[in-house]
Structures are given as structure tokens and as C-alpha cells.
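Notes to accompany the following structure.
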Amino acid sequence: MVNTDQQDGIRIPPEYHLSLLGGFSLSRSGHRIDLPFSVQRLIAFLALHPRELVRTYVAGSLWPESTQPRAEASLRSTLWRMRTPCSQLVMSTNTHMRLAESLTVDVYLVSDLVRRLMDPSGSFTQAESDPGDLTQELLPDWTADDWIFVERERLRQLCLHGLEAMSRRLLDQGRFGEAVEAGLAAVRAEPLRESAHRVLISIYLTEGNASEALRQYDWYRRLLRSELGLDPSPQVTELVRDMG
């Protein structure tokens, strides 16, 4: 059990932060905590399933090739390994377990940002206009677990929508350069995504750069034809119809 600080007789939980974007990192009050990989997997799995889970489900998901008794034994062993460095982070009973609510997780922060970006009435600050926050891959070095691929794709799609929403919000504020940067980030993340190109073309047109808009459309048209043998949809073609 990790000790808690004391202040005026009140128990104050230590400040833990979990990073899953770009790689796994757990820190307490700014100091990194080194953990066995089995513990990292358990913490990451619970973080990406933020609700109370049945222990047998957790064990079966993390050790799918083992028998259920063996998987549950592996889970008990993993919990024992995390007793000293961070046992406070996992709330566990004989039947259920979940991650402690006091832990901050970068994936949660990114998801919250995207939700606010996609809500026209949602708050959006200058400090949150960096598209790089929405371009990091979830645990890129982890390739052996099927549940990681599912969560990675879910987050990737969410962030693509977030980048497009960020572009539109910045465009509405007249911040053309930042809007273009966010639009280009969306295009880099998924070059064949038409909605990202459509947003970017709209930004160029709004700021009066017709040549940039046409160049973007032509690049997308050639890429789409080369990769899929398709033409852009009428919606994006209409944007530059009278420019060619």
C-alpha cells in the first residue's frame, strides 16, 4: 500500500498520472514509477474500460490462451506484484475490480477535449488548440493484445473527428493558420479521409487562398484514384467546381 501524505489530519491521496498515448508511463507527483509489464497491462486494460469489471472477465481478457483457473492465478500474481508501488490504484474485491477514480489518464483528457470540440457550445481554450494532442497513437509498441487494437482504432477515429472539429472551431474564430494546421494533421493521420480534405479546402477558400484549395483538391483526387480507383464525392467537388 502506497503511503498517503498528511495535512491537518486529512488523508490526501498521492497524485498519480497515467499516460497511454505514445507509450505507457505512470508517475506519482511527477516521478515515474517502473512496473513489470504484467502490471502495466492490467492498469492499461482497466484504464481503457473505465467501469467496474468482473474479475473473471479481466483475467480471461488479459490471458485468453490460458484456462480460466490459470488466468485467475495470473491475475492474483499481477495484483501481488503491484502491492508496493501502486496497489492504491486498483480497487479490487473477490468478484469485481476497477481503477481508482483519483487517477488522471491522458486518454480521458483527450476524449473530453474531443467531446467539447464537437459540441458547438463546448468550451475551447487557446491552450487546447494544439493538434498534436490528438495525433498520438495509443500504446504503439503493444502489438500482442486484440483489445489494444480495438481501443486504438476507437481512439483514432475519435481523434480524427476531433481534429476536424478543431479545424472548424478555429476557422469560425478566424484563426486560419491554426485551422490549417489542425486540418493538415487530420489529413496526415488518414490521407484518404474525404471529410478532412473537405474541411481543409473550406479553410483555404474562406481565407481567400483559392489556389491552395484547388491544389488540395487535385492532390486528394489523384490519391483517391491511385489508391481506390474512385473519384471525390460531389460534395467536395462542388467546393472547387468553378475553379478548374
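The values are calculated or read from the model by the stated rules, or taken from the named source; none is laboratory data. Since the model is a prediction, treat every value here as computed from it, not as a measurement. We place every Cβ from the backbone using ideal geometry, glycine too, and count neighbours over all the protein chains shown.
Okay, here's what the table says:
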read-out: THR135 among the hydroxyl-bearing types (Ser, Thr, Tyr) and not assigned by TED's automatic domain parsing to the domain that holds TRP63; value: yes
read-out: Considering residues of segment 87-103 that are out of contact with any Leu (no Cβ under 7 Å at 6 or more places or on another chain) and of a type outside the set (Gly, Ala, Ser) only, the residue surrounded by the most Cβ atoms within 10 Å (Cβ to Cβ); value: GLN88
read-out: Where ASP5 falls short, out of the listed (1) modelled with pLDDT of 95 or more; (2) surrounded by fewer than 17 Cβ atoms within 10 Å (Cβ to Cβ); (3) on the phi < 0 side of the Ramachandran plot; value: (1)
read-out: Any hit, segment 144-152, residues being over 30 Å from ILE43 (Cβ atoms), assigned to a helix (DSSP H, G or I) and not assigned by TED's automatic domain parsing to the domain that holds PRO64; value: no
read-out: When residues of segment 101-128 are limited to those that are part of a loop (DSSP other than H, G, I, E, B) and in contact (Cβ under 8 Å) with a residue 40 or more places away in the chain, the one farthest from SER87 (Cα to Cα); value: PHE124
read-out: Some residue of segment 66-73 being buried (at least 16 other Cβ atoms within 10 Å of the Cβ), part of a helix (DSSP H, G or I), of a type in the set (Gly, Ala, Ser) and in contact with a Phe, Trp or Tyr (Cβ under 7 Å, 6 or more places away or on another chain); value: yes
read-out: Scope segment 212-229; condition surrounded by 17 or more Cβ atoms within 10 Å (Cβ to Cβ) and within 12 Å of GLU194 (Cβ to Cβ); matching residues; value: GLN216, TYR217, TYR220, ARG221, LEU224
read-out: Candidate set from segment 181-240 (those that are modelled with pLDDT of 95 or more and touching a His at 6+ places or on another chain (Cβ under 7 Å)); member that is nearest to LEU158 (Cα to Cα); value: VAL187
read-out: Evaluation of PRO131 against (1) at pLDDT below 95; (2) surrounded by fewer than 17 Cβ atoms within 10 Å (Cβ to Cβ) (one fails), failing number; value: (2)
read-out: Residue match in segment 139-159 (condition: closer than 22 Å to ILE201 by Cβ, of a type in the set (S, T, N, Q) and buried (at least 18 other Cβ atoms within 10 Å of the Cβ)); value: no
read-out: Residue match in segment 199-215 (condition: assigned by TED's automatic domain parsing to the domain that holds THR125 and in contact with a Pro (Cβ under 9 Å, 6 or more places away or on another chain)); value: no
read-out: Residue in segment 74-99 that is modelled with the lowest pLDDT, counting only those that are among the basic types (Lys, Arg) and either part of a loop (DSSP other than H, G, I, E, B) or within 21 Å of TYR16 (Cβ to Cβ) (or both); value: ARG83
read-out: Segment 230-244, residues that are more than 13 Å from ARG193 (Cα to Cα) and assigned to a helix (DSSP H, G or I); value: PRO234, GLN235, THR237, GLU238, LEU239
